[in-house]
Amino acid sequence: MDNELKHGTSKASPSGRLEGFSDKELLEQFQNEQTRNYAFNLLVRQYQKRLYWHIRKILIDHDDTDDVLQNVFIKVWQNLEGFKAESQLYTWMYRIATNESLNFLAQKKRRAGVPLDDVSAFLANNLQSDSYFKGDEIQAKLQKAILTLPDKQRIVFNMKYFDDLKYEEMSAILETSVGALKASYHHAVKKIENYLTSN
């Protein structure tokens, strides 16, 4: 698929230094009560935009995304002190954001009486009413095609295609083998290509 279909996301890698601090230094600052708030504010500034768009591509709706993002940072605040650094910080946070998004989506679908395996039309309604996703015709068609994918397959496609994450990074975030992720992405691409050529 052409690069012009990639919409509204940064290609920058989620890993990196935070305002001159490494993850280790940031965590050390967070452990210190005197610098805890400062360290957390740096973390929020660094990851807020990336996590917002990761969640937004799952939930579509801006207000829902803001609600989930707030919950994500609350969980990060509550659990960061016990973070063991066995994974990278951004990997840990993306995992929290992914799980919170899927849980929120499942709850919303239950409240709306939507079968858990029939999310396409449900999210498409949000898509059509969302000004962000009212792009050109090709972009709108791509977004509708993506919404035909199962939730987890849709997340794999978004992380690889839009966020340009490596399979190893995705594996750590989603706790799924690289082989399974490659297969999932391949199937997602085929489904999207079939949708685009038949609609």
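The values are calculated or read from the model by the stated rules, or taken from the named source; none is laboratory data. Computed from a predicted structure; not experimentally measured. Cβ sites come from the backbone with ideal geometry, for glycine too, and all protein chains shown count toward neighbours.
Of all residues in the stretch 51-73, none that is touching a residue at least 60 places away in the same chain (Cβ under 8 Å) and in a helix (DSSP H, G or I) has its Cβ atom under 6 Å from the Cβ atom of a residue that is surrounded by fewer than 20 Cβ atoms within 10 Å (Cβ to Cβ) and not polar (S, T, N, Q), 6 or more apart or on another chain. Go through the stretch 146-199 residue by residue and tally those that are more than 21 Å from Met93 (Cβ to Cβ), among the hydroxyl-bearing types (Ser, Thr, Tyr) and at pLDDT 95 or above. Looking only at that region, the number is 3. Counting only helices (runs of 4 or more DSSP H) wholly contained in the stretch 146-199, the ones carrying 1 or more residues that are of a type in the set (Ser, Thr, Tyr) occupy 167-174, 178-198.
Between Gly20, Gly16, the distinction of being at pLDDT 50 or above, surrounded by fewer than 17 Cβ atoms within 10 Å (Cβ to Cβ) and of a type in the set (Gly, Ala, Ser) belongs to Gly20 only. Residues in the stretch 137-183 that are touching a Pro at 6+ places or on another chain (Cβ under 9 Å) and more than 18 Å from Leu59 (Cβ to Cβ): Leu165, Glu169.
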